[in-house]
Each structure stands twice: as structure tokens, then as C-alpha cells.
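Right, one structure below, let's go through it.
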Amino acid sequence: MKKVNFLQGKDFLKLLDFSTEEIEKLIELASYLKQRKRQGKPHEYCKGKNIALIFEKTSTRTRCSFEVAARDLGMGVTYLDPQGSQIGKKESIADTARVLASIYDGIEYRGYGQEIVEELAKYSKVPVWNGLTNEFHPTQILADMLTIKERFGRLKGIKFVYMGDARYNMGNSLMVGCAKLGLDFVACAPEKYFPATELVEECKKLAEASGGSVTLESDVKKAVEGANVIYTDVWVSMGEPEEVWKERIQELSPYQVNKAVMDTAAPNAVFMHCLPAFHDLKTKIGKEMGEKFGVSEMEVTDEVFESEKSIVFEEAENRMHTIKAVMAATL
Ligand code: CP
Ligand code: NVA
């Protein structure tokens, strides 16, 4: 088997910590591991190791991806659910890190502030992987980039438009990923939903070096014209208070991804979403909020979500292959 642990011992906390070349190599490794899985070829690069998954927020894709990827790599897994550990309640992050690092070879953490995962990593002698914080969702971006590369054969020069709340984890980390990899990133939202100025400035510099660009645009038509990728995320993220639904629906409805948006984008445009999505009323929260505020779809219409332009399920599958690459590279 080829040598894959080119980031051995490193944490994976945010894409800003990695060079363009390292991110490209992770995407290539994911593609290689995907092929091996498809061909039924073994790839137990981490045989005999064990990892712990800490989830302080719920998950379907990230948890399942870590679990299956770990098993494919030959590892054992322990899952600690949002109620099932002492973290932050009876035991500090620093103590938890030292305990888990003495038992496991790697730790995944999903939770609230980025500073929590950074602190966990500081006190852990084994690699820590960010499975989503309020600020960043780096493993999702690797999956998104692999999916775009598979579809278009390249990343450089792709016009990528993120619509909706661009100041949260998905908007922030997609902007960083695009800037590092040479895509033309556009945040399309009302001004108050743009990413923080400091991060935008940093990404503009990165984009200059990679041949990409970063643009903030509130006019939907201007933003989406000629776009190759239209991306959105939920308007209210995990951990946010219920009170924000009303203003989000009011302020972000003009930024919904619908047929008119897709028709304005390039003819080869695709629709992407990290999921879960509110594209109908078939979920408990979607139904409750939809009925309360008189809408039947939110960030994306069912028509676009179910259309041929939608590649959300390829994207979801790629979570597993890219998370596998992160673990194989860092262990
Ligand atoms: N996209 C994503 O992170 O999905 P989960 O919340 O289901 O893990
Ligand atoms: N912004 C969303 C992403 C979910 C994958 C959230 O944080 O809930």
C-alpha cells in the first residue's frame, strides 16, 4: 500500500492551517481511497488503532462517515453522544483531552465555539479533527471540493456562489476553501450576513496567491450570473435560539435557491448543500416553522433540490471518503 500519512500527528481544525498543496493532496487521497473502496480493495492504513468521536451537537453524515471510514481503515470507534460524556459539565476540555489522548489514537469533536476544539487539540497528544463548530466545518469543504472536481474536472476558475447566511460555519469555511484552491467565491446575502471583515481580508490575500477571488454581493442576479456552483445551507444553524427563525425567513427569503436562480447561473451549473436541508415540510422543524411563518420551502425549493442539477447526494457520499483521507493522512 502507498504511504498516505503525509500529515502525521497534525490536527485538522480549520483549512486556514493548511497549505493549498496539502489540501489538494487530501482531496487526491480521498479520490484514491474512494476508488479502492469501489473496487473492493482493502485499505486498512490504520489497523489496530482506536478513535473517539465527541458530538455535542447532533449529526447524521459526519458521525456515520467517521464510523464507516474508521472501520474501513481498520480502526475501532467509540461514539460519545451530546449527553453521554462529562465534557464541559463535570470535566474540563483540558482534562478530557488528556484522558482521551491516553486511550485513543485520534479524537473527533463537534460542538460550539472553535476555541473549544482548539483547546482540546492543545491538550491532546493525538490528532484532533473538527467535525463542525459554529465558525468552521472543514471536513465538509473537502467533500464539496472533491465533488466539484469530479463534476467539472477542475477547481481553479470555477465560479462558486454561496447564498444565505454567509457568516456562519459553512459560509466561512467555503470562502477559505475557495480562496485556497483558486475558485471565484461570491457570498450572496444581505450585508449583515456577510462573513467577518477580518476573515474576508485574509481570504482575499489567499485568493490573490491561488488565482481565485472573493466577492461580497447582495444583488442576486449579479451574483449568480455565470455561476458554476450554487451552494446554500440552512438559515438557522444548530445551537441558535428559536427566536431567530422569524427574521431569518424574512431577510433571507430573497436569497432562496429556486428555479429562477438556477436559470440565471451558467447552463452547466450544479446545486450543492451540506445537508440537512429544509426543501419541504417533511421534517419536524421544517413543518413547525413552515406552518408558523407560512412558507413551504426555505433555503432551497423542492424543485431545485430534486432536479438533475442537484448533486447533494454525491456530495454527502464524499463526506466519508474525505474524512477517511483526513484520518489516514494524520494518523
Ligand atoms: N453536513 C453535515 O455535517 O451533516 P450532519 O450534521 O448530518 O453531520
Ligand atoms: N450551518 C449548519 C451546518 C450543518 C451541517 C449548522 O451548523 O447547523
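Values in this text are rule-based calculations from the coordinates and carry no lab data. Given the structure is predicted, the values throughout are model-derived calculations rather than measurements. Quick reminder, even Gly has a Cβ in these numbers, built from the backbone with ideal geometry, and neighbours come from all protein chains shown.
A compact table of results
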{"item": "Cα point-scatterer Debye curve for the range 1-150, base-10 log of I(q)/I(0) at q = 0.09, 0.11, 0.13 Å⁻¹", "result": "-0.27, -0.41, -0.58"}
{"item": "Angle between the chain longest axis and helix 138-152 axis [Cα atoms, degrees, rounded to 10]", "result": "60"}
{"item": "Pairwise centroid distance, computed over Cα atoms, of the range 149-224 with the range 273-295, Å", "result": "26"}
{"item": "Contact order normalised by residue count of the chain, Cα under 8 Å, 6+ apart, percent", "result": "21"}
{"item": "Estimated distance in nm for a label pair at Glu243 and Phe152, the labels positioned 7 Å out from Cα along Cα-to-Cβ", "result": "4.0"}
{"item": "Two-site label geometry, Thr215 and Glu314: point separation in nm, points 7 Å out along Cα→Cβ", "result": "2.4"}
{"item": "Extension reserve of the Asp302-Thr20 stretch, reckoned as 0.36 nm per residue once the Cα distance is removed", "result": "98.0 nm"}
{"item": "Expected-Rg normalisation [2.2 N^0.38 Å, Cα atoms] applied to the chain", "result": "0.97"}
{"item": "Label-point gap, in nm, between Lys222 and Thr197 - each point 7 angstrom along Cα→Cβ", "result": "1.9"}
